[in-house]
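The values are calculated or read from the model by the stated rules, or taken from the named source; none is laboratory data. Only a predicted model underlies this, so the values are computations on that prediction, with no experimental measurement involved. Reconstructed Cβ throughout: ideal geometry from the backbone, glycine too, with neighbour counts over all protein chains shown.
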């Protein structure tokens, strides 16, 4: 049976970790002392912690902005690229897609330099307009937005490509029929493009939610975090996965970290389920 | 001796019986065609012979050996698929050589065999092309070549011509006949096209509903069908069927009253089961003509519904007063308009069927 | 069809193509501006590297490369005087091994899933697909602990092996292999091909496109993977490019902007090159994962 190697690895490195994670999550365990059963203690401690509250609050704000903004931008880019033909369509598509190719760790570091106070590129441009230097990554008022900007910059191209494929799948006949029916360009987008793209937009949105809930690399690197200190000034860029990793590898409380993982999963599952329920409602209508 | 024997073979998918108690013998060198409407089980039977489908119950013997459990590749059969199933990433040569390569034949031997097959099929100049660069007919020939190279005991063809256009189909049909003459290997061919079956077959096996309706030489089936299904399936246009009452039964003839006919008529028949009161009369269009005078033997007044004019023959589709359709054939004569006509039956062409559709034959 | 779309029926005259108008101009300007925003940070990185060191960015905004030789010397300096090359090797080995593993293991499993029936197939498939929904967050810590207890911390197998059972890759390959016609497989069986030969001579060559796409996507993902190497291979011996770049960028790094950007540029180079070469495959691969997901 040629499925065996895959299933073996899958069982060992996916199923077993989940099961053992569940076990750890009910135990106090720090990799050195022996395990002690604590029941829901880990979960309670996490839910009651200030960091968790802060991380969730940041995450809420972050998602509320990133997901709609990212998808609107991606949709706009896709429409824009699609409105060009041939060569220029390819050029713009490649240009808009380029940031996706960059590893997230690089995107974050490059942007860190762009955000640098005083001599950073962005502040320099602001300087031309007579504005004072802003310490984007150390000012609790701007940090979150700076991270969101990077994230949209990184992910818009990815979603754009998926939406573009969806656009290409819409038969030309519909647009021609609509033009004969006298629909304007905007009406064509409203009455043909968006409804026909519904499944694709649904996928992109759901996927966007799921990955936004797990945001880690970009804020971690933007804030120059390490396991000793992470989340940026006053935890303004503290997110749940960072919090989880910190509890695990920073303070070696692996039981809590495992429990954290399950809390996050529960949230993600809830979100996904809600999305699918919404979609079903959309279809019924 | 029969080369291929199929005994008591049945097959079902869940509650659906695809094949019911199939018995068939095929002799070496025969060109056998399984024909029937889609879903009649003909492809399933072919695939069971090939080994791609498990044999449900019953046995299939090849050269006297039961092959039920023999691996498809070891049965000595080769198959040509409807989709050709050529490997798109290999050239025509590699496609034909594939089975030999798997069998670890020597390179030189492979080359020789493939080239011989290519020669038979006039493919020499195409051997380096990939399937994507070949036309439909060429692909078809490569697919046949792939089968030839294996030197099988039996060739299996699964509707191989149905993806070709009409003209190419006629041409490939002729080539297949020549190929069979040349190779003299047993060929089993599945099609839903009765014209294809008639032109190709030494032996024709008509299937319907998972049952063999009749098998034999094409013209025997045409002239002497075993039941209404075979009678109706073979021949174009379709055989006409009409209801008739049995008015009288004598020792050497019966008298029939065809619904709508102006008069009763006598039909020579021996040993008619006198308990039958109603029969169905089947008559091919070539036995139905137009009558000038309404007095001749069996005449039916009819209304012309539409006319197919093919030049050499004209088929008039007419409606009988009871609503049944009767197709009248006129050789040479052209349609001159007009709605009402009188159809005339040549009673020598009449076949009788009972109400279940089984043929009623005269005792000889 | 909505009411508006139906009532709009009476105005066919608008179907005439618009001339080169304000619309088109606006479109071009927007597209160009966004393209600049998208590309400029990368371009800027290049410029910083290929410029004389020392001038502060505020004086020299680095809108274009100024000194080719300065760039080369920085690259050489990084390669010779730091452990960057070693990290490069580690990253390349990590990526290549992962690609090879994912392709081999995934294609073998996809072959069975896509083309054959076997007991338990539906349950196995459902489990694997469900795993696509499970966030990395829940598995990363237990997987780390498992890897640690296997004694694989700071080893290449620790980096590679846990990532080989890629559900995404399996899904993609299954989707692709499902399109292989049944006839093709049966023809090969009649030609005498064994189960493994079917895989080797039919399924694999026919899935070449999907395999290449998956290889590229896997490369991008592995090269850019930051979190897993960070925790599983924290020793300098097995630093990946991502970690080294992180070090260069860390607040305690003593490197200048130029050097840091050079490190960044070198890290970006392989994916950028891949993108330039395989652009179509990458875009198709992502589009496919989206439309089928």
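Odds and ends about this structure:
- Residue in region A:248-266 that is closer than 22 Å to residue A:70 by Cβ and at pLDDT 85 or above present: yes
- From the list B:220, B:245, the lone residue that is part of a strand (DSSP E or B), on the phi < 0 side of the Ramachandran plot and surrounded by fewer than 19 Cβ atoms within 10 Å (Cβ to Cβ) is B:245.
Residues are listed down the side, and each one gets a yes or a no for (1) closer than 23 Å to residue B:176 by Cα; (2) touching a strand residue (DSSP E or B) at 6+ places or on another chain (Cβ under 9 Å):
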site	(1), (2)
B:196	yes, yes
B:215	yes, yes
B:219	yes, no
B:234	yes, yes
B:244	no, yes
B:258	no, yes
B:261	no, yes
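- Leading residue by the ranking (nearest to residue C:266 (Cα to Cα)) among those in region C:47-83 that are modelled with pLDDT of 80 or more and within 14 Å of chain A (Cβ to nearest Cβ): C:49
- Scoring residue B:323 on the criteria (1) in contact with a strand residue (DSSP E or B) (Cβ under 9 Å, 6 or more places away or on another chain); (2) under 30 Å from residue B:209 (Cα atoms); (3) without any contact (Cβ under 8 Å) to a residue 24 or more places away in the chain; (4) exposed (fewer than 15 other Cβ atoms within 10 Å of the Cβ) leaves a single failure, condition (1).
- Tally, over region B:105-127, of residues that are within 13 Å of residue B:179 (Cβ to Cβ) and over 33 Å from the mean Cα position of the chain (by Cα): 0
- Any chance residue B:344 is at pLDDT below 90, assigned to a strand (DSSP E or B) and crowded, with 17+ Cβ neighbours inside 10 Å: yes
- Cβ-Cβ under 6 Å pairs, at least 6 apart or on other chains, region C:125-146 side within 7 Å of another protein chain (Cβ to nearest Cβ), far side assigned to a loop (DSSP other than H, G, I, E, B): C:135/A:214; C:137/A:214
- Within region A:2-18, tally of residues that are more than 7 Å from chain C (Cβ to nearest Cβ) and in contact with a helix residue (DSSP H, G or I) (Cβ under 8 Å, 6 or more places away or on another chain): 2
- Selection count where residues are over 20 Å from residue A:107 (Cβ atoms), buried (at least 24 other Cβ atoms within 10 Å of the Cβ) and at the interface with chain C (Cβ under 10 Å from one of its Cβ atoms), scope region A:201-255: 6
- Of all residues making up region A:154-181, the number that are in contact (Cβ under 8 Å) with a residue 12 or more places away in the chain, over 30 Å from residue C:221 (Cβ atoms) and more than 8 Å from chain C (Cβ to nearest Cβ): 2
- The test for being surrounded by fewer than 18 Cβ atoms within 10 Å (Cβ to Cβ), more than 10 Å from chain B (Cβ to nearest Cβ) and more than 29 Å from the chain's Cα centre (by Cα) holds for residue C:149.
- In region B:119-131, the residues that are surrounded by fewer than 15 Cβ atoms within 10 Å (Cβ to Cβ) form Cβ pairs under 7 Å with partners that are outside any loop (DSSP other than H, G, I, E, B), at six or more places apart or across chains, as follows: B:124/B:118; B:128/B:93.
- For region C:110-140, a residue qualifies if it is touching a helix residue (DSSP H, G or I) at 6+ places or on another chain (Cβ under 7 Å), within 30 Å of residue A:24 (Cα to Cα) and not in a helix (DSSP H, G or I), and the qualifying residues are C:132, C:133, C:134, C:135.
- Taking the conditions (1) surrounded by 15 or more Cβ atoms within 10 Å (Cβ to Cβ); (2) under 20 Å from the mean Cα position of the chain (by Cα); (3) assigned to a strand (DSSP E or B) in turn, residue B:23 satisfies each one other than (1).
- Against the list (1) facing chain C (nearest Cβ under 9 Å); (2) out of contact with any helix residue (DSSP H, G or I) (no Cβ under 8 Å at 6 or more places or on another chain), the condition residue A:191 fails is (2).
- Selection status of residue B:138, in a helix (DSSP H, G or I), within 30 Å of residue C:194 (Cα to Cα) and away from chain C (no Cβ under 12 Å): yes
- Scanning region C:199-225 for residues being free of Cβ contacts under 8 Å to residues at least 60 places away in the same chain, closer than 30 Å to residue B:148 by Cβ, surrounded by 20 or more Cβ atoms within 10 Å (Cβ to Cβ) and within 14 Å of chain A (Cβ to nearest Cβ) gives a total of 1.
- Of the helices (runs of 4 or more DSSP H) lying entirely inside region A:35-132, those containing at least 1 residues that are at pLDDT below 85 span A:86-101, A:104-115, A:121-128.
- Residue match in region C:178-192 (condition: more than 11 Å from every other protein chain (Cβ to nearest Cβ) and either more than 22 Å from the chain's Cα centre (by Cα) or farther than 30 Å from residue B:77 by Cβ (or both)): yes
- The listed residues are A:227, A:271, A:239, A:262, and the only one of them that is over 27 Å from residue C:145 (Cα atoms) and in contact with a helix residue (DSSP H, G or I) (Cβ under 7 Å, 6 or more places away or on another chain) turns out to be A:271.
- Flag for residue C:173 being over 30 Å from residue B:156 (Cα atoms), touching a helix residue (DSSP H, G or I) at 6+ places or on another chain (Cβ under 7 Å) and either surrounded by fewer than 17 Cβ atoms within 10 Å (Cβ to Cβ) or within 7 Å of another protein chain (Cβ to nearest Cβ) (or both): no
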